[in-house]
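Any read-out appearing in this document is the output of simple, stated calculations on the displayed coordinates, not a laboratory observation. Only a predicted model underlies this, so the values are computations on that prediction, with no experimental measurement involved. Positions of Cβ are generated from backbone atoms using ideal geometry, with glycine treated the same way; all protein chains shown enter the neighbour counts.
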Amino acid sequence: MLQHLTRRAGVRALSTQAPYVLPEFRVLFEEIQQDAKKNKLIKVSKLTNLFKTVTSKEELEQSTEALKIYERKHIDPLENTAGEFVKACIKNEAADVALNAITQKYRIGLFLNAGTLNKLLHHFKDAGDDASLLSAFDEMKKFDIRYNSLSYRMAISALIRTGNFDKALELLDTAAADKQLEHNTTNHVLIQLSKAEQKDKLEQVVESLKKHNLTLNDFGTKLTAA
C-alpha cells in the first residue's frame, strides 16, 4: 500500500512540473558561440531552437553567423532545422534572408524540401515579388531539390506573369518530363497564352504533353480548339 501511494505521489509530482521553455535567442546564440570556441560538440537541436526563438529580422541576419559556425564544424542541419529557418524568415518579413542563404549556397539549402520551398515561393507570390520567387526556384536547382507539382506551378505562373512565355513553356516541358505537371497548371498556361495573343504557342504545349505521354483534360482540349 505504501509503495502504491509513493508511486502515485511521484506521478503527481511529475505532472505538476512546468513545461520546458526555450531560452531567448540571445542566450542560445551565445551558447553556440561559446561551444564553438571550446570545441565542444554542438547539437543540431540548438540551431533548430535558435530559429524558433527569432523575433526580428536583425536576429535572423545574426543567425546566419550560427549557420557559418555549424558549417565550419561540419555539422549539417536537419529538414526540420531548414523548415524552422524559412518559417522564421517568413514570420519576420525577412524572406530575403532565406533567399540570400540559398543564393550564397549555405548547406542548409541541401535540407530544404519542396514543401518548405513552396512556403517561401508562396510568400514571394503574395508579396508580388516574382523576381525573388523565380530566383529562389532557380537557385534551389544547385541543391538537387525534387520540385513537386506546386513548385512548378508557382514558377511557371510567375514566368507567365512577367511575360517570359518561352521560359514558361520550357519549364512546363521540364515539369511534364518530371511527371509533376497538373492539368490546372497546363490549363492556366493555355488561358494566359490565349489572352496574350500567343496562340501560336498552344501547339507547343500540346507537343510537350505528347512527348512525355501526357494528355489534356476536357477543358484543356476545348482551350486548344477555340
May I have the convex hull volume per residue, in Å³, for the Cα set of the chain? 188 Å³
Between LYS37 and ASP144, how high is the FRET efficiency from 1/(1 + (r/R0)^6) when r is the Cβ-Cβ distance and R₀ = 45 Å? Nearest 0.05. 0.85
Dipole magnitude of the chain about its Cα centre, charges +1 at Lys/Arg Cβ and -1 at Asp/Glu Cβ only, in debye to the nearest 20? 1100 debye
Point-charge dipole on Cβ atoms (K/R +1, D/E -1) for the range 24-157, about Cα centre, debye to 20: 520 debye
Around TYR70, what is the net charge, scoring Lys/Arg as +1 and Asp/Glu as -1 over all other residues with Cβ under 12 Å from its Cβ? +2
For a Förster distance of 45 Å, can you work out the FRET efficiency between the beta-carbons of LYS73 and GLU182, rounded to the nearest 0.05? 0.60
Stretched out fully, how many nm does the piece from ASP166 to GLN62 gain, at 0.36 nm a residue minus the Cα gap? 33.5 nm
